[in-house]
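The values are calculated or read from the model by the stated rules, or taken from the named source; none is laboratory data. These figures come from a predicted structure and were not determined experimentally. Glycine gets a Cβ as well: all are built from the backbone with ideal geometry, and neighbour counts include every protein chain shown. The protein model used for the area step is the full one, side chains on, heavy atoms only, and it has no ligands, DNA or RNA in it. Shrake-Rupley method; radii C 1.70, N 1.55, O 1.52, S 1.80 Å.
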Amino acid sequence: MKKIALITGASKGIGKALAKKMLNEGFIVIGTSRSGKINDIEGKDFHSIKLDLSNPESIEDAHKEILKKFKGIDILINNAGIGPDLDTYYPERKSFNLTFDINVNGTVFFTEPLIEAINENGAILNISSKMGSLHVCELTDSVAYRMSKSALNMYTKILANRLKGKIKVASIHPGWVKTTIIESNLTNGRLTPKESAENIFNFIKMDYESGTFWNSENGSNLQW
Ligand SMILES: NC(=O)c1ccc[n+]([C@@H]2O[C@H](COP(=O)([O-])OP(=O)(O)OC[C@H]3O[C@@H](n4cnc5c(N)ncnc54)[C@H](OP(=O)(O)O)[C@@H]3O)[C@@H](O)[C@H]2O)c1
């Protein structure tokens with residue numbers, strides 16, 4: 001039977017490339033976007049769902065739709081994320097709150113009610129960032145973004161402890177990817193979304209330990 005992957009933020013960038021990759025690899029893919037529309041991905045195995053992680057009602061509606069249509073999920077990939085303060089140097093309240101609303105609060109409260117729908121031996125992968133590593137942080141930029149990814153990493157650890165032996169949980173750094181999360185990534189990024197998705201999929205196939213923080217760009221463990 002085909003496995004089911006739920007990928008948030010599948011309308012562009014890494015999430016879209018990952019949705020395409022997983023469809024090619026024989027998964028049924030549920031992809032989310034705020035509009036509910038996802039262009040250029042078609043087929044009976046692809047389902048798009050409307051989800052705005054900054055809006056609790058939208059989260060609840062998405063849960064209802066997912067749980068009505070699908071009996072179980074094999075892999076939840078929390079990919080949707082924003083970085084409005086990337087490359088800025090001081091926190092600003094509006095973008096700080098929005099970053100936490102989506103990257104942390106929305107992601108946590110989207111995940112919690114879905115956990116019981118994740119099949120045994122399933123997985124939760126949080127698309128984090130090396131920028132959230134306390135260990136490697138030597139810079140002062142992107143305060144909200146970095147802090148949000150550190151918080152997401154802690155959620156990974158907590159879930160890995162809670163779900164030990166049942167569901168694997170990991171944080172993944174997808175590399176520096178040419179997406180519009182910030183305009184400069186389109187020129188400065190090292191990987192295409194397709195290359196990043198290939199690397200993330202290699203991790204999915206690996207026999208990894210739950211509670212891992214993985215750098216999929218170079219295929220190694222990252223320090224928290
Ligand atoms: N690009 C990089 O170099 C890089 C590096 C490290 C980590 N990451 C992480 O990788 C993930 C994907 O990033 P990306 O570079 O692919 O970004 P992206 O191209 O900007 O895509 C972000 C996705 O998130 C969705 N999204 C935005 N706001 C949302 C909201 N309020 N509710 C639900 N979904 C929302 C977007 O969909 P709609 O706008 O259609 O709703 C879109 O599909 C993020 O978590 C990011 O932090 C990226």
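Overview of results
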| quantity | calculated |
| --- | --- |
| Selected residue (only one of F110, F96 is under 12 Å from the mean Cα position of the chain (by Cα) and aromatic (F, W, Y)) | F110 |
| Residues of the range 189-207 satisfying the condition of being near the ligand (Cβ under 9 Å from one of its atoms), open to solvent by less than 20 Å² (accessible area, probe 1.4 Å) and in contact (Cβ under 8 Å) with a residue 60 or more places away in the chain | S196 |
| Test: residue in the range 91-109 that is farther than 16 Å from V169 by Cβ, open to solvent by 10 Å² or more (accessible area, probe 1.4 Å) and part of a loop (DSSP other than H, G, I, E, B) | yes |
| The range 11-66: number of residues that are outside any loop (DSSP other than H, G, I, E, B), open to solvent by 90 Å² or more (accessible area, probe 1.4 Å) and in contact with a helix residue (DSSP H, G or I) (Cβ under 9 Å, 6 or more places away or on another chain) | 3 |
| Top-ranked residue in the range 115-130 [being surrounded by fewer than 18 Cβ atoms within 10 Å (Cβ to Cβ) and in contact with a strand residue (DSSP E or B) (Cβ under 7 Å, 6 or more places away or on another chain); ranked as nearest to A170 (Cα to Cα)] | N119 |
| Identity of the residue in the range 125-145, touching a residue at least 60 places away in the same chain (Cβ under 8 Å) and of a type in the set (G, A, S), that ends up nearest to the ligand (Cβ to nearest atom) | S128 |
| Selection from the range 14-34 of residues that are free of Cβ contacts under 8 Å to residues at least 40 places away in the same chain and among the small types (G, A, S) | A19, G26, G31, S33 |
| Selection within the range 175-207 - outside any helix (DSSP H, G or I) and not hydroxyl-bearing (S, T, Y) | G175, W176, V177, K178, I181, I182, E183, G189, R190, L191, M206, D207 |
| The range 177-188 residues that are within 14 Å of T88 (Cα to Cα) and open to solvent by 70 Å² or more (accessible area, probe 1.4 Å), paired with ones that are more than 9 Å from the ligand (Cβ to nearest atom) and not in a loop (DSSP other than H, G, I, E, B) (beta carbon under 8 Å, 6 or more apart) | none |
| Set I30, I49, I14, I7: member being more than 19 Å from L114 (Cα to Cα) and either within 15 Å of the ligand (Cβ to nearest atom) or in contact with a Cys (Cβ under 9 Å, 6 or more places away or on another chain) (or both) | I14 |
| S148 vs. criteria surrounded by 21 or more Cβ atoms within 10 Å (Cβ to Cβ), within 14 Å of the ligand (Cβ to nearest atom) and part of a helix (DSSP H, G or I) | yes |
| Residue match in the range 208-219 (condition: surrounded by fewer than 21 Cβ atoms within 10 Å (Cβ to Cβ) and assigned to a helix (DSSP H, G or I)) | no |
